[in-house]
């Protein structure tokens, strides 16, 4: 299973059903630059430097992708909460997102790496960037059983692509206590029931 829609498909087509792309988390059909606020347990005084360095790297990778005429996705990990620092200021996330968006990546992913986000946070972040030409995507974990609610909030706020995994598998060793990603079958059921076209049977 690969990407189920063209990456430039808008969220609605007149009177047609809105279209939302759903992709398995293990599949990326183009280069990805992942930004994490900290690498494992970096000292606190390195956190800001690490973010600045990662943001600069993302900008340079986007420039390189343009020269190489290839697509690139940038993921903002721990956009909703960090396993080491706790709460994440949404204004800081948006500041980084806007810096990256100015370079024009093909996709910008907001990742709830440890599954602590709630729909109000999702609407705030996605709503602030949904007017960009870049595909806005989201990656949710279901640690606190809020993943599907967050996905729906993301779609309603303007996201057009969502990651999911069959059976809700997933999680990562660098993120303590993070459980699996949102289940593809549950996400498809919810979106189909709400009238969204996913292209997945």
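Throughout, read-outs are computed from the coordinates displayed, never taken from laboratory work. Note that the coordinates shown come from a computational prediction; the quantities given were computed from them, not determined experimentally. Reconstructed Cβ throughout: ideal geometry from the backbone, glycine too, with neighbour counts over all protein chains shown.
Of the two radii for region 33-193, the radius of gyration is 0.95 times the Kirkwood radius, both from the alpha carbons; that is the Rg over Rh value.
Compared with the alpha-carbon gap, the fully stretched path from residue 133 to residue 53 is longer by 26.3 nm at 0.36 nm per residue. For region 33-193, DSSP calls about 10 percent of its internal beta bridges antiparallel. Arranged from fewest to most other beta-carbon atoms within 10 Å of their beta carbon, 163, 192, 89 become 89, 192, 163. Here r is the Cβ-Cβ distance between residue 85 and residue 60 and R0 is 30 Å; the resulting FRET efficiency, rounded to 0.05, is 0.75.
Spin-label model, residue 144 to residue 166: label points 7 Å out along the Cα-to-beta-carbon direction sit 3.1 nm apart. List residues of region 175-201, by number, whose backbone nitrogen lies under 18 Å from a label position 7 Å along Cα→C-beta of residue 156. Backbone N within reach: 187-197. On the basis of the beta-carbon distance and an R0 of 25 Å, residue 177 and residue 70 show a calculated FRET efficiency of 0.10.
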